[in-house]
1. In region 83-114, what residues are among the polar types (S, T, N, Q) and in contact with a Ser or Thr (Cβ under 6 Å, 6 or more places away or on another chain)?
2. Please state which one of SER234, SER166 is open to solvent by less than 20 Å² (accessible area, probe 1.4 Å), among the hydroxyl-bearing types (Ser, Thr, Tyr), within 20 Å of the chain's Cα centre (by Cα) and within 26 Å of LEU140 (Cβ to Cβ).
3. Out of curiosity, is GLU249 open to solvent by 30 Å² or more (accessible area, probe 1.4 Å) and either farther than 27 Å from PRO36 by Cβ or not in a helix (DSSP H, G or I) (or both)?
4. Give region 309-342 a look and list any residue that's more than 18 Å from PRO67 (Cβ to Cβ), among the small types (Gly, Ala, Ser) and in a helix (DSSP H, G or I), or say none.
5. Only residues in region 150-174 that are touching a residue at least 60 places away in the same chain (Cβ under 8 Å) count as the first member; pair them with residues that are open to solvent by 10 Å² or more (accessible area, probe 1.4 Å) and in a helix (DSSP H, G or I), Cβ under 8 angstrom, at least 6 apart or cross-chain, and list the lot.
6. Residue by residue through region 307-342, note down the ones that are surrounded by fewer than 17 Cβ atoms within 10 Å (Cβ to Cβ) and under 30 Å from GLY15 (Cα atoms).
7. May I ask you to list the residues in region 115-130 that are open to solvent by 80 Å² or more (accessible area, probe 1.4 Å) and closer than 12 Å to THR155 by Cβ?
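The values are calculated or read from the model by the stated rules, or taken from the named source; none is laboratory data. Since the structure is predicted, the reported quantities are computational estimates derived from the model, not experimental observations. In this analysis, Cβ positions are derived from the backbone assuming ideal geometry, glycine residues included, and neighbour counts consider all displayed protein chains. All accessible areas refer to the heavy atoms of the entire protein, side chains included, with ligands and DNA or RNA removed. Shrake-Rupley method; radii C 1.70, N 1.55, O 1.52, S 1.80 Å.
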Amino acid sequence: MEFQEVIKNARGCIGPYCKACPVCNGAACKNTMPGPGAKGIGDLAMRNYQKWQDIRINMDTICEQKPLNTETELFGRTFAYPFFAGPVGAVKLHYGDKYTDQEYNEILLRGCADNKIAAFTGDGTDYNVMIEATDAIGKLDGQGIPTVKPWDPDTIREKMELVRKSGAFAVAMDIDAAGLPFLQNLNPPAGSKSVEELKGIVQMAGIPFILKGVMTPKGALKAAEAGVQGIVVSNHGGRVLDQCPSTAEVLPSIVKAVRASGSQMKIFVDGGIRTGVDVFKALALGADAVLIARPFVTAVYGGQEEGITAYVNKIGAELKDTMRMCGASSLDEISSDMIWNP
C-alpha cells in the first residue's frame, strides 16, 4: 500500500473536521476545534508547516559513497529512524467515530513497533485512556512513551504508577496542554508547573522524562534545571496559544542555549514536519529526533498498521534520499551547512 492510497481510504472515515488532505498543512482545518485545527485565527499550524518549507537543502554529491545508517539511540533503545509518532487524544471527538482512543493507540503502538520506531500515546479527561494505553505498551515490552497531562500531583502520581507497571522506557508530559480549551476548569485541574514541581514529577517518574511544549531558550534551561532527560520543542500544533512563532523558527536558539549550558538533554521537535526532507532539516538545525502527529492519524484511519508502514516507509525513503544527496551517511554527519536557512 502506498501512502496516497492510505490518504484516499482515510477520507471515507475520518471526518467531518479533518479532510485527510494530500498535504497536511493546516489550511483546510484552520481553526476547527473540536477538530485538528489551531487556536484563535488558526494560522499557527500553517506557519509551522510553511517555515520548514522555507528552509532549503544544500546538495553536495562530491563525496565518498557509503552505506546509509538512519538508526538512532534513545534511552538505551535503538530505533530505525529519528522520527516518532506524536501523542493524539480524543480521536473520536477530533477525527471521527471509527476508533476509540484505546483502539487508536493499540494500532499506533503496534504499527510503530513493527516498523522499529516508537509512538507517544495521549492522555485525556477519560481516566481509562491512560489505563488502556499503558496496558498496550506493556504488551509490547515497553515500546511506547505514555504522555501525561499536567494534572494535579495526586493524579500525576496515579498515572505514573500505571506508566511504571507498563515497563515503558520513557514517559512524557505535554506541559503546554494547560492551554487546551478542553482542559480548562476541570476537576482534577491541569495547569502550568514550577521548576520545583517539575523536579518532583521527574523523581516520581523514575524513568527518562520528556517535557513537551518548550518554545524558548529560557524554558529549555528551566527544564534542564528540573532534571528532565528530554524536551520537545512544540507549540502543540498551534492548539494552545494563538500567534506563537513556529517550531522551526525557535529551534536553533533553543539548541544553542541547551548545548552551551552543557546539558545532555535530548531535543525533539514537532509541528508541521511532514516529509523525510523536513526530518533532515530538523536534524540539521540541531534536533536529535522529531515527532509527527496528524499524518499518523491519517495513516491509522486509512490503513491501520499497513497505513503506518506505508507512511514510515515514505518518510524513511525521503530521509535516506536527502542524506545521500547531501553526503551524509549517518545521522551524526548531518550538519547545519547542509541546509539554507533564510
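1. The initial filter retains those residues of region 83-114 that are among the polar types (S, T, N, Q), namely 100, 102, 105.
ASN105, the sole residue that qualifies.
2. Working: SER166 fails: within 20 Å of the chain's Cα centre (by Cα).
The conditions single out SER234.
3. Values: open to solvent by 30 Å² or more (accessible area, probe 1.4 Å): yes; either farther than 27 Å from PRO36 by Cβ or not in a helix (DSSP H, G or I) (or both): no.
Judged against the criteria, GLU249 is not a match.
4. ALA310, SER336
5. Close Cβ pairs satisfying both conditions: ASP174/HIS236.
6. Of everything in region 307-342, those that are surrounded by fewer than 17 Cβ atoms within 10 Å (Cβ to Cβ) and under 30 Å from GLY15 (Cα atoms) turn out to be ASN313, ALA317.
7. THR125, TYR127
Conditions (1) under 20 Å from the mean Cα position of the chain (by Cα); (2) farther than 14 Å from GLY237 by Cβ, marked per residue:
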| residue | (1), (2) |
| --- | --- |
| CYS21 | yes, yes |
| ASP43 | yes, no |
| CYS63 | no, yes |
| GLY96 | no, yes |
| ASP101 | yes, yes |
